[in-house]
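Written out below as structure tokens is the structure these notes cover.
The values are calculated or read from the model by the stated rules, or taken from the named source; none is laboratory data. Note that the structure is a prediction, hence the values are computed from the model and not measured. Positions of Cβ are backbone-derived with ideal geometry, glycine not excepted, and every protein chain shown enters the neighbour counts.
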Amino acid sequence: MKKFKKVESIQIPEIDSVLSNTSQESKHFIKKSLEIVHQISLAIADKGKNQKYLADKLGKSEAEISKWLCGTHNFTVRTLANIGTALDQEIIVTPWKVKENHMKYVTEVYRANSNKKPIYEKPKQSTSFSLAKDKETGLKVA
Amino acid sequence: MIATILEIERFKFKNVHFYTILVSSRPRAEFQDFVDRMSKKCPGQLGELLQFIDEIGQKYNVEENHFRHERNSHALPPHYIHLAANDSDEQTEFGLRLYCCRFTPSIVVLYNGDLKTTQLPNDCPNVSKHFSFALDATRKIDQARNDDYIRFDGNEIHVDEEFIFEI
């Protein structure tokens, strides 16, 4: 009857020492590159398509698309825009765009709700604050 | 040469554990030797490579396409990653290579490597011995698995207590 044991582990403190001396720019580059490649893979899957579909849409070979998705390919903004168009999905969204989309969403929810019921229920007991209208969004704020 | 498989404590993640090999006649484990030597030779590229391993381990499933295929083994970084050298890095046309093997999505063994100077690894005075070692080690591990001396259980490797692993 064979007896198996789990292999032992090894500490390599030099790993953290090297990582702590690695520039933030380098770390950021690796993180963002992997995020972009991952996002493209997700966008292809969301569409229920495969790499061949993207290759056909972009007029590239399937092998080239496969290489793009292997890791940190240096994508140009134009390539990312073309991929986003082909997959009908944003590949990169800037924080500014996220903020703008959020404000649009809040405004739409407010408008939708204001047709049905008041978004703001007047408190039963009297309070010391009053409502004003925000000039830019038209939203009522307390 | 008698060898031992060791789990790298720093690279144990939820979905994948990374391992290396210690050869009895050598003072350091293969991946430990790689980190030690490359931290002096090309710290910039090594930092980005370690960051890459850390990222794929923490956030992504370790997929086949995260690796470069090298016969029965693999290498890092994958194709079209251009690790950025810093000012203190030695410069070579082909950059840093770490030979390894992704046996399963949960088990990766990291061997050794160096700065690659030629198109073919066998022609490169820096990496040829590490490349040969990687091919040999992968073959021996596969053989030991087939003979039921080594078992993969999720992200853990279990070895028969009486098995002597020779490379």
Within 14 Å of chain B (Cβ to nearest Cβ) and either part of a loop (DSSP other than H, G, I, E, B) or of a type outside the set (S, T, Y) (or both): is that true of A:L80 in this structure? no
Test A:K6 against the criterion of being at pLDDT 90 or above and within 30 Å of B:E162 (Cα to Cα), and give yes or no. yes
Answer from B:L22, B:L98, B:L50 - the residue that is without any contact (Cβ under 8 Å) to a residue 24 or more places away in the chain, touching a strand residue (DSSP E or B) at 6+ places or on another chain (Cβ under 6 Å) and closer than 23 Å to A:V7 by Cα: B:L22
In the range B:33-67, which residues are in contact with a Cys (Cβ under 8 Å, 6 or more places away or on another chain) and more than 7 Å from chain A (Cβ to nearest Cβ)? B:F67
Being over 22 Å from B:D142 (Cβ atoms) and either surrounded by 18 or more Cβ atoms within 10 Å (Cβ to Cβ) or aromatic (F, W, Y) (or both) is the requirement here; does B:I8 meet it? no
Could you pull out the residue among B:A75, B:A3, B:A29 that is more than 7 Å from chain A (Cβ to nearest Cβ) and either out of contact with any helix residue (DSSP H, G or I) (no Cβ under 9 Å at 6 or more places or on another chain) or under 17 Å from B:K116 (Cα atoms) (or both)? B:A75
